[in-house]
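J.: Pasting in a structure now, in structure tokens, and then I'll have a few things to ask.
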Amino acid sequence: MSAKANASTPYDRAYHAAQIIRSRIKLEPSVAIVLGSGLGAFADDLSEANSISYSEIPGFAQATVEGHAGRLVAGKVGEVPIAAMQGRFHFYEGYSLEEVTFPIRVLKLLGVRTLILTNAAGSLNTEFTPGSLMIISDHINLLGANPLTGPNDERFGPRFPDLTATYAPELQNMVIEEAKAMDLDMRRGVYAALTGPSYETPAEIHMVRTLGGDAVGMSTVPEAIVARHMDMQVIGISCITNLAAGVSDRPVDHSQVISTGERVREQFTELLRRVIAKLV
């Protein structure tokens with residue numbers, strides 16, 4: 001099968017982008033990781049690494065948010081070949097959910113079987129303090145849209161995918177065990193996605209807490225849905241960077257998100273390395 005640059009279907013566009021990437025990298029990744037705000041430095045330490053700017057990959061949008069470098073880095077963690085996205089695209093940047101999730105489609109066609117989604121999140125739970133980590137057990141989609149809306153291509157996955165276990169329970173347990181081995185206080189919780197870019201009001205945070213959310217952010221959920229549509233295993237890890245509005249009296253700002261991500265970088269990087277080593 002060949003796919004042209006001007007291919008008309010999402011599958012053909014994803015196939016073409018995967019072919020471009022494959023011609024530029026030296027390995028076939030089995031694991032991919034999306035690095036959230038302030039967490040992109042993980043990709044700088046990969047061995048046998050080479051990188052491609054998003055601007056060089058057909059169909060990839062441009063990352064516009066501070067803390068998102070806008071590069072795909074392929075390399076190894078130990079003996080595990082991985083692809084790392086230094087930065088993601090967000091609904092609030094004006095991109096469609098198809099554009100937001102297009103890289104996930106491409107990663108699957110590159111051979112990725114397990115997707116690790118990381119993000120910076122605000123805590124709704126006073127037990128989850130800034131600098132702590134939360135393994136995502138489930139999510140609440142409050143974006144008002146679903147990335148699977150529209151025609152379905154069976155080459156990607158079924159029309160009505162099951163999301164009962166979006167975040168693989170056995171992998172959640174593995175991540176928690178690795179965190180315990182590092183003496184990290186990692187909790188399990190529900191991540192709620194809202195559109196942003198404004199931070200949530202105290203009333204909105206109260207609503208999400210009532211619905212059962214433990215952390216809130218502006219990403220991750222569309223990527224997880226698309227990954228499960230294509231039968232990829234998903235791990236979700238939130239770096240708690242701040243207490244959400246109404247949980248704390250302190251105003252929320254993006255610099256706090258970035259600085260907290262930098263503060264926990266070393267521990268978070270070590271945890272990711274341990275987790276990826278288990279995904280052989």
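J.: Whats the longest run of the chain with zero trypsin sites (Lys or Arg not before Pro) that are DSSP loop and have at most 15 other Cβ atoms within 10 Å?
T.: For trypsin sites (Lys or Arg not before Pro) (loop position, at most 15 other Cβ atoms within 10 Å), the longest site-free span of the chain is 160-277.
J.: Just to confirm a number: summing +1 for Lys and Arg and -1 for Asp and Glu over residues other than Pro161 whose beta-carbon lies under 10 angstrom from that of Pro161, what do you get?
T.: Residues near Pro161 contribute 0 overall.
J.: Using only DSSP helix segments of four residues or longer, with each worth -39500 (n - 2.57), what per-residue ellipticity at 222 nm results for the chain after dividing by its residue count and rounding to 500?
T.: -9000 deg cm²/dmol
J.: Which ³J(HN,Hα) values in Hz, rounded to whole numbers, follow from the phi angles of the stretch 51-64 under the Karplus curve 6.51 cos²θ - 1.76 cosθ + 1.60, where θ = phi - 60° and Gly and Pro get x?
T.: Coupling constants for the stretch 51-64: 10, 10, 5, 4, 5, 9, 10, x, x, 7, 7, 10, 6, 10 Hz.
J.: Round to the nearest 10 and give me the degree value, 0 to 90, for the angle of helix 97-109's Cα axis relative to the longest principal axis of the chain.
T.: 60 degrees
J.: Starting from the Cα gyration tensor of the stretch 141-190, take the square roots of the eigenvalues, sort them a ≥ b ≥ c, and report rounded, prolate or oblate (rounded when a/c is under 1.5, otherwise prolate if a/b is larger than b/c, else oblate).
T.: prolate
J.: Count the DSSP beta bridges whose two residues both fall in the stretch 10-277, then state the antiparallel fraction as a percent rounded to the nearest 5.
T.: That works out to approximately 35 percent antiparallel.
J.: Could you list Asp153, Asp185, Asp162, Asp12 so that the one with the fewest beta carbons within 10 Å of its beta carbon is first and the one with the most is last?
T.: Asp162, Asp185, Asp153, Asp12
J.: Against the longest alpha carbon principal axis of the chain, how many degrees, from 0 to 90 and to the nearest 10, is the axis of helix 254-263 turned?
T.: That works out to roughly 80 degrees.
J.: Nearest 10 degrees is fine. How inclined is helix 202-211 to the longest principal axis of the chain, computing both from alpha carbons?
T.: Between helix and principal axis, roughly 70 degrees.
J.: Within the chain, which is the longest segment containing none of the GluC sites (Glu not before Pro) that sit in a DSSP loop and have at most 13 other Cβ atoms within 10 Å?
T.: Excluding the exposed sites themselves, the longest stretch runs over 155-280.
J.: With springs connecting C-alpha atoms under 10 Å apart, model the chain as a Gaussian network and identify which of Leu109, Leu184, Leu133 has the largest mean-square fluctuation.
T.: Of the options given, Leu184 has the highest mean-square fluctuation.
J.: Now, a different point. For a Förster distance of 30 Å, can you work out the FRET efficiency between the beta-carbons of Tyr92 and Ala181, rounded to the nearest 0.05?
T.: Computed FRET efficiency for Tyr92 and Ala181: 0.25.
J.: Work out the count of Lys pairs in the chain where the Cα-Cα distance is under 29 Å, with the pair 8 or more places apart or on different chains.
T.: Value for the chain: 10.
J.: Which of Thr126, Thr269, Thr260 moves the most in a Gaussian network model of the chain with Cα springs under 10 Å?
T.: Fluctuation is largest for Thr126.
J.: If you place +1 on the Cβ of every Lys and Arg and -1 on the Cβ of every Asp and Glu, how big does the dipole about the Cα centre of the chain come out, in debye to the nearest 20?
T.: Charge dipole, the chain, about its Cα centre: 640 debye, nearest 20.
Only the coordinates and a few stated rules stand behind these numbers; no lab work does. These numbers were taken from a predicted model, which means no experiment stands behind them. Heads up, the Cβs are rebuilt from the backbone with ideal geometry, glycines too, and the neighbour counts pull from every protein chain shown.
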